[in-house]
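**Student:** Handing you this structure, nothing more for now.
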């Protein structure tokens, strides 16, 4: 399967959000990545249901909703109604993770689990067969534009090994500091979905930046 690109709306121009949504629609991007932050689980606040609903009105591609919030179970149905196609919750925020995952799937959404940089991969062993996606945070969550954490490559390889044993259809997503420089080694390590924020939206030509990420092939040998 060709890898997927999910531009992060957190880095978009909020004053011209419809323009950026339409840009993603016309690009080679596969998903919209939407970070929901509550100012409690992470030290930042992004946006909630009204903005998500507005994005869904114009988006022509799946909405990949990443919940960086405490007690996500309270809001799962509302996120589905607001337009979410994929809902990812943090391992660190869920007391009853198995129940949360199945609540997401019962809504008809794909279910993902996100891991913070300090969280080991082995916490997934008893739930990996039930999920569709693992999101590896390659920066500490809360803000865009942070420096990529090099240990991410090893974590991606570890998740890929676990998925090979227990869930061959699992998608591995990487979020934070993804660029044209680290995209290839991430794909070679086993990543399937690249979330890109600043690399896309700070570019002089976001559509070309997305195309660059999409065109990278793990079969290419780095020189």
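**Student:** Write down the percent of antiparallel bridges among all DSSP beta bridges whose residues are both part of the range 4-215, to the nearest 5.
**Tutor:** Beta bridges within the range 4-215, antiparallel portion: roughly 5 percent.
**Student:** Another one. Report the per residue volume, in Å³, of the convex hull enclosing the C-alpha atoms of the chain.
**Tutor:** It is 116 Å³ per residue.
**Student:** While we're looking at this one, here's another question. Could you work out the helix-only [θ] at 222 nm for the chain, with each DSSP H run of four or more residues adding -39,500 (n - 2.57) and the total divided by the number of residues, to the nearest 500 deg cm²/dmol?
**Tutor:** Rounded to the nearest 500, it is -9500 deg cm²/dmol.
**Student:** For Cα pairs less than 8 Å apart in space and 6+ apart in sequence, what is the mean separation divided by the residue count of the chain, i.e. the relative contact order in percent?
**Tutor:** Rounded, it is 21 percent for the chain.
**Student:** Follow-up question, since we're still on this one. Just the Kirkwood number for the range 119-223, please: inverse of mean 1/r across all distinct Cα pairs, in Å, one decimal.
**Tutor:** Here the Kirkwood hydrodynamic radius works out to 14.3 Å.
**Student:** Could you pull the Cα extents of the range 158-202 along its three principal axes, largest to smallest, in whole Å?
**Tutor:** 39, 15, 12
**Student:** Under a point spin-label approximation (7 Å from Cα along Cα-to-Cβ), what is the residue 2-residue 215 distance to one decimal in nm?
**Tutor:** Simple spin-label model gives 1.3 nm for this pair.
We did not get these values from a lab; they are worked out from the coordinates using the rules stated. Since this is a predicted model, take the numbers as computed values, not measurements. Cβ atoms come from the backbone with ideal geometry, glycine included; neighbour counts cover every protein chain shown.
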